[in-house]
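In what follows, a single structure is set out as structure tokens and then discussed.
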Amino acid sequence: MFTLPKPRRKTGPGMTPKQRTPRFSPLMLIGAGITVFLILIAGMVLIVPRLASHAANANVNADCSLIVPRNPLTARGLATPYQLVATDANNGPCNEANAGQAAFVQGAVIDPATGKISVYNPLVIDKGTQPAVKPVVPTLPANAIVGLWFGFNGGNLTLQDQNGSLNAGRCVNGANNSIFGQFAYCNARAFFASANTAIQKGQLTVPALGTAADGMTCPTVRDFAVIDMDQSDNVTTTYLVTANGQMAQNTATNVAQQQNAQTQINGSDNRLLDIAMDGALNCQPWTAPDLANNGQMVPALPLNELQAAAHQAAPVAIVPLGDPMALNNGNQDSNKMNLYRRGVDQLPTGRAGADAGDTTTYCKNYLAIAPARIQLDAQFTKNRPSPDPAAANSLFTFLAQRFNAGFGDGGLNCAKLLNATTPIQVTTDGNGIATDATITLANGGGNNGGNGGGNGQATTPNCNVNGTVINGCTGTTQINGQACQVAFDKATNQVNFTCPATPTQGQPTPQGQPTPQGQPTPQGQPTPQGQGNNPTPPTPQANNPTPPTQQASNPTQPTTQGQQNTGTGNTTVALNPALAPCPTPCTTK
């Protein structure tokens, strides 16, 4: 999730909640007595609800349960509303119309015969109530494979069984009596297995990412410029809330019939990317037809993950051991982390090509990439509306404060792990709303967000290696499947790459798809033919298609292309993909 901290969650009965500070602002999307607020992004309209009669408050019960209907993977089960109820009634009620307690369900359907994916978002209502409009019963293809993912605007969401529904849905809420918190899934592994098989067969084509307005590759949910303390969580589902607090699916028909209804949304990383960031950067999310809304094309969590698995360049952000949703009572738990990964099509540790889950490495990449991209994109995000007006006054300041929340104590604790301070200084007003931010990068850059360039003379440039920003042109990056050292030589004004003799496992296929990797099958679940999360981009591309060429000092080594952009203090470097990786230890200049 992507917002500022609020008071620590309470612990309810049953599975132990993850021990972290929740980041859903109690004022997010709501505000007593305020009219509907419209956000227009890339032709889409987000209605941020302002529910006077159902406003959240500091005493709201953040621990709720969701009753999963019988046979949740069938058409009838999808059309049966999920029921929200307090996990512990002594802590107060849970109401779906309350933005601070709202739960969301996102479904995706794949036809194994054709590889076609569609979306269906089941409805959530309060226990003991009726929906404002009966949900649409979807028409599913023969032998359809359905996956379900859950999001929550409160603290901890517990899935509750109804006549064996959790087993029927192959639902995963956490591990070792410790729930994830705001996230859960059902049958996700089987869905991704079928999707990856369809990709391998050529039945399902994953759209290319495209080029963003800043000249870089459009971001994904596995981009270190997008993630926060707990990546790949929550969903893009929205619902309608009527004046009397009843719920309905957000369809064109229901909007027309329920003219005074307001829209309830899930504050999610997926929605932040698909709507806010893609809108600002002129990028397009992958969409699929909504079976409840006459085929209207909509984004979804599983589409984001499949696209990231196929196209995200190194380094790839994969759920680490220090992710608060993967912790067990504040302690690292590899089993819980791996269960989370399987729900979002990421390889568990121990599999060939899998990320090891090291939080320190994760933090290094987060620090090296996110502030620089936030600064670069300030020219596009400063005039964009904030996803949470109670946290920040623009998309730029929202992303700045969000980075600090994820980087610091209560997030990933990167500051302590790296013994480093955040390069982003956020200015807030008397209400604690972020109103400005200054980003000071390691190269001496930073002009209050500006257009991504420093306003001083940088002594050392930044490098962009195949879409990965390396501050000061010093560090480690993946090139053609190898972990290569990058160093800037001030004397010669050149960038040196030192690569090992042997490339790493899992080179991409000629079609650009990562090498498929199998996933383990705990608890007797079907084994997905998982798609490898190989950190090597299939075809390295320079940000500038025609930079001058720096010849390698040794003609048998790969050729590098580079350009010193003195205006921004950045160097763009890309290896020639037609040449093989270094056959022996080498340094390329």
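The values are calculated or read from the model by the stated rules, or taken from the named source; none is laboratory data. Every value quoted in this text rests on a predicted model; they were computed, and no experiment measured them. Cβ coordinates were reconstructed from backbone atoms using ideal geometry, including for glycine residues, and neighbour counts include every protein chain displayed. Heavy atoms of the whole protein, side chains included, go into the accessibility calculation; ligands, DNA and RNA do not. Shrake-Rupley method; radii C 1.70, N 1.55, O 1.52, S 1.80 Å.
The slack in the chain from THR476 to GLN162, taken as 0.36 nm per residue of separation less the alpha-carbon distance, amounts to 108.0 nm.
Relative to the current alpha-carbon distance between ALA352 and THR114, full extension at 0.36 nm per residue lengthens the span by 82.8 nm. Protection proxy ranking, highest mean first, for peptides 341-348, 294-301: 341-348, 294-301, where packing is the per-residue count of other beta-carbon atoms within 10 Å, averaged. In whole percents, the pair-distance distribution calculated for region 365-445 from its alpha-carbon pairs, binned every 5 Å from zero, is 3, 16, 27, 25, 18, 9, 2. The slack in the chain from ALA256 to ARG70, taken as 0.36 nm per residue of separation less the alpha-carbon distance, amounts to 63.9 nm. Distance between the 7 Å Cα→Cβ label points at ASN176 and ASN335: 0.7 nm.
When a 1.4 Å probe is rolled over the protein heavy atoms, the share of accessible surface on region 97-169 that falls to carbon and sulfur comes to 48 percent. Anisotropy class assigned to region 63-357 is rounded, per the alpha carbon gyration tensor with a/c under the 1.5 cut-off.
Taking the empirical scaling 2.2 N^0.38 Å for compact globular proteins as reference, region 321-412 has a Cα radius of gyration ratio of 1.29.
According to the Cα-based calculation, Rg over Rh for region 236-327 is 1.05, with Rh computed by the Kirkwood formula. Modelled spin labels at GLN130 and ALA420, positioned 7 Å past Cα toward Cβ, are 5.8 nm from each other. Size descriptors for region 56-145: radius of gyration and Dmax over Cα atoms are 15.4, 50 Å. Straight-line cross-link partners of LYS116 among the aspartates and glutamates, defined as a Cα under 13 Å from its Cα and at least 8 positions apart when in the same chain: ASP290.
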